[in-house]
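Okay, structure first, notes after.
The values are calculated or read from the model by the stated rules, or taken from the named source; none is laboratory data. All of these numbers come straight from a predicted model, not from anything done at the bench. With ideal geometry, Cβ positions are generated from the backbone for all residues, glycine too; neighbour counts draw on all protein chains shown. These area figures cover heavy atoms from the full protein model, side chains too; ligands, DNA and RNA do not enter into them. Shrake-Rupley method; radii C 1.70, N 1.55, O 1.52, S 1.80 Å.
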Amino acid sequence: MNLKGRHFLTLLDYSPQEIHALLDLSAKVKEEKKQGIFPQRLLHKNIALLFEKNSTRTRCAFTVAAIDEGAHPEFLGRNDIQFGKKESVADTARVLGRMFDGIQFRGFKHETVEALAKYAGVPVWNGLTDSYHPTQVLADLLTVREVFGRLKGIVFAYVGDGRNNMANSLMIGAAKTGMDFRIVAPSALFPDPALIETVRAIAAETGARITLCEDIETGVKAADVIYTDVWVSMGEESRFAERIQLLLPYQVNAAMMKKTGKADSIFLHCLPAFHDLQTGVGMDIYEKFGIPAMEVTDEVFESPASRVWDQAENRMHTIKAVMIATLAD
Ligand code: CP
Ligand code: NVA
């Protein structure tokens, strides 16, 4: 596999073989770190971490992965640089590309990360846009592979906001890796028909199945994985009332986990999660809407089926693999 110089904007740009190779490299660097082996494959590389939106996992994963490999990460927050205020995306890209060896971008419009990629002259990695979150999906695929030993044929139910960045990106990842993937959501929150057409064309090649399903019983039946995400993504904060009304029946709770009919189904969530609104985080939502949890109950989140911390750790190993594959000499 030679991915040197490539951008990482969505998994649509990567073949199934390339995705599997990135997962293999992720598993290798994970094992190396556990053994205390640090080969410094990115020594003297400088990495720009450009953030319009907040982040815990993605920012920390890029930072730690870069430092583990001997690179220097530089955090550039939305209020720190001229970006988007005094200087255009294209000009910022050309300046950063003269100084840095790779650029991570997290922000709103997907067109912004595309413009950075067009002008920077160095690899650009998408750390989340309104439309896609591909580094998260690599971590999710690695986690599923670690639990079940395979991806092909895995029954994967994504429950909740079926048209957000996670739904879009998981659907692409599942199509590329041959899963039986279901979006389980109210039809008002089904994905963009153009993207469905694209992923179904990929599925026809890989043997994947992509299904959209409003009915919960049908959607989660025989699921190996139940995955959910927040009901209101960053940038949509005015929509809590409307989403709670639409999505409360789709909350992942113990009764839903039972509906899989499988004893070894796992629960995944990209995090952060609103699983316990009464203990501080999300208290305002609890007070306003009177619900103790949103997309997942505390019972499921804290259960043995929940693999969310493995998933969060895997962000670091998979992001390290992406940086090595696209940047190392
Ligand atoms: N899952 C994820 O991207 O988390 P952060 O928003 O904390 O980076
Ligand atoms: N859909 C969420 C994902 C967070 C990692 C958001 O965009 O806020």
Open item on the list: Accessible area of the chain with a 1.4 Å probe: how many percent of it is carbon plus sulfur?
Closed with: 51
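Determine the gain in length on full extension of the stretch A241-K4; use 0.36 nm per residue of separation and subtract their C-alpha separation, reporting nm with one decimal. Mind dumping the intermediate values first?
Numbers: separation 237, 0.36 × 237 = 85.32 nm, distance 4.54 nm.
Separation in residues times 0.36 nm, less the Cα-Cα distance, equals 80.8 nm.
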Open item on the list: Rounded to two decimals, what is the ratio between the C-alpha radius of gyration of segment 209-248 and 2.2 N^0.38 Å?
Closed with: 1.44
- [ ] Using R₀ = 45 Å, calculate the FRET efficiency as 1/(1 + (r/R₀)^6) where r is the Cβ-Cβ separation of S88 and K221; round to 0.05.
- [x] 0.35
- [ ] Step through the table entries K4/K53; K258/K288; K28/K176; K33/K320, compare each Cα-Cα distance with 19 Å, and write down the pairs that go over it.
- [x] K4/K53; K258/K288; K28/K176
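Per residue, how much accessible surface does the chain expose to a 1.4 Å probe? Answer in Å², no decimals.
With all protein chains present, the chain gives 42 Å² per residue.
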Task: Length gained when the stretch D298-I37 is fully extended (0.36 nm per residue, less Cα-Cα span) - done: 90.3 nm
- [ ] Find the eigenvalues of the gyration tensor of the Cα atoms of the chain, then list the square roots of 5 times those eigenvalues as equivalent ellipsoid semi-axes, largest first, in whole angstrom.
- [x] 31, 23, 19
Open item on the list: From the helices alone, meaning DSSP H stretches of at least four residues, give me the mean residue ellipticity at 222 nm for the chain, per-run term -39500 (n - 2.57), in deg cm²/dmol to the nearest 500.
Closed with: -13500 deg cm²/dmol
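Can you tell me, using C-alpha contacts under 8 Å and at least 6 residues apart, the relative contact order of the chain as a whole percent?
RCO, the chain: 20 percent.
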TODO: List every DSSP H helix in the chain whose Cα atoms extend 24 Å or more along the helix's own long axis and whose mean Kyte-Doolittle hydropathy is at least 0.0.
DONE: 308-327
Task: Choice from H44, H110, H275 showing the highest fluctuation, given a GNM over the chain with Cα pairs closer than 10 Å - done: H44
- [ ] State, to one decimal in nm, how far the label point of T56 lies from the label point of K118, with both points 7 Å from Cα in the Cβ direction.
- [x] 3.6
- [ ] Give me the compactness ratio for segment 128-246, meaning the Cα radius of gyration over 2.2 N^0.38 Å.
- [x] 1.01
Task: Prolate/oblate/rounded call for segment 217-329, Cα gyration tensor, a/c under 1.5 rounded - done: oblate
